[in-house]
Amino acid sequence: MLSVVIRSRGTFDAVNDVTGAIIGGAIEVHRAIGPGLLESAYQECMGHELFLRGVPFLRQHPLPVHYKGVRVDCAYRLDFLVDDVVLEIKSVSGIDPIHVAQVLTYMKLGEWKLGLLINFNVKVLTSGIRRLIL
C-alpha cells in the first residue's frame, strides 16, 4: 500500500489541476487494460498511475464515524484521497444511487467538498465518471 502526505492548495485552479490529473490517469488506466476487471485491479493500477504522474495521494484512508462524542471505527476506508478530493473506484454494470450516496457520505464525514466516482466497467471511460460537490 502506497501512501503519500497531502498538502491542500485550496484554490479553484488547483482543484481543477488535481481532478484533471485524476481523470487523465483513469483514462490512461482504462485505455491500457479496458473494462471488465475487478475493482481491486483498477485500484492498484490507479495508484500506480497517480504515483507515475507525481500526484500525491493517500490510499485506503481510514474514515471513522463520530456518534454523540464517541469515535466509532467502522472500518470505512476511502479508495483514495487526492489533495482533499475523494476518489472512489468501481467496476460495476452501472453507477447506482447507492454508489453516489456512498461517496457523498464519505465527503460529509471527512468534510471534503469534492468527490470523483469512477466506474471502469464501461466502453468509454468518460461515461463512467461522476463529479460530486457538497
Among strands (runs of 3 or more DSSP E) entirely within the range 53-119, at least 2 residues that are of a type in the set (Val, Ile, Thr) and touching a residue at least 24 places away in the same chain (Cβ under 8 Å) occur in 85-90
Pairs returned, first residue in the range 31-49 that is free of Cβ contacts under 8 Å to residues at least 40 places away in the same chain, second residue that is small (Gly, Ala, Ser), beta-carbon separation under 6 angstrom, 6 or more apart or interchain, are 49/25
Discussion item. Taking the conditions exactly as written (in contact with a strand residue (DSSP E or B) (Cβ under 6 Å, 6 or more places away or on another chain), among the acidic types (Asp, Glu) and crowded, with 19+ Cβ neighbours inside 10 Å), does residue 83 satisfy them or not?
Written reply: no
Look at residue 2 and say whether it is closer than 12 Å to residue 120 by Cβ and either out of contact with any Leu (no Cβ under 7 Å at 6 or more places or on another chain) or at pLDDT below 95 (or both).
no
Going through the range 66-80 in order, the residues found to be at pLDDT 90 or above and in contact with a strand residue (DSSP E or B) (Cβ under 8 Å, 6 or more places away or on another chain) are 77, 78, 79, 80
Going through the range 27-52 in order, the residues found to be in a loop (DSSP other than H, G, I, E, B) and over 14 Å from residue 128 (Cβ atoms) are 38
Selection from the range 120-132 of residues part of a loop (DSSP other than H, G, I, E, B) and β-branched (Val, Ile, Thr) yields 122, 124
Residue 88 passes all but one of the listed conditions (1) surrounded by fewer than 19 Cβ atoms within 10 Å (Cβ to Cβ); (2) within 18 Å of residue 120 (Cβ to Cβ); (3) not hydrophobic (A, V, I, L, M, F, W, C); the exception is number (1)
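The values are calculated or read from the model by the stated rules, or taken from the named source; none is laboratory data. Since the structure is predicted, the reported quantities are computational estimates derived from the model, not experimental observations. Ideal geometry is used to build each Cβ from the backbone, glycine not excepted, and the neighbour counts take in all protein chains shown.
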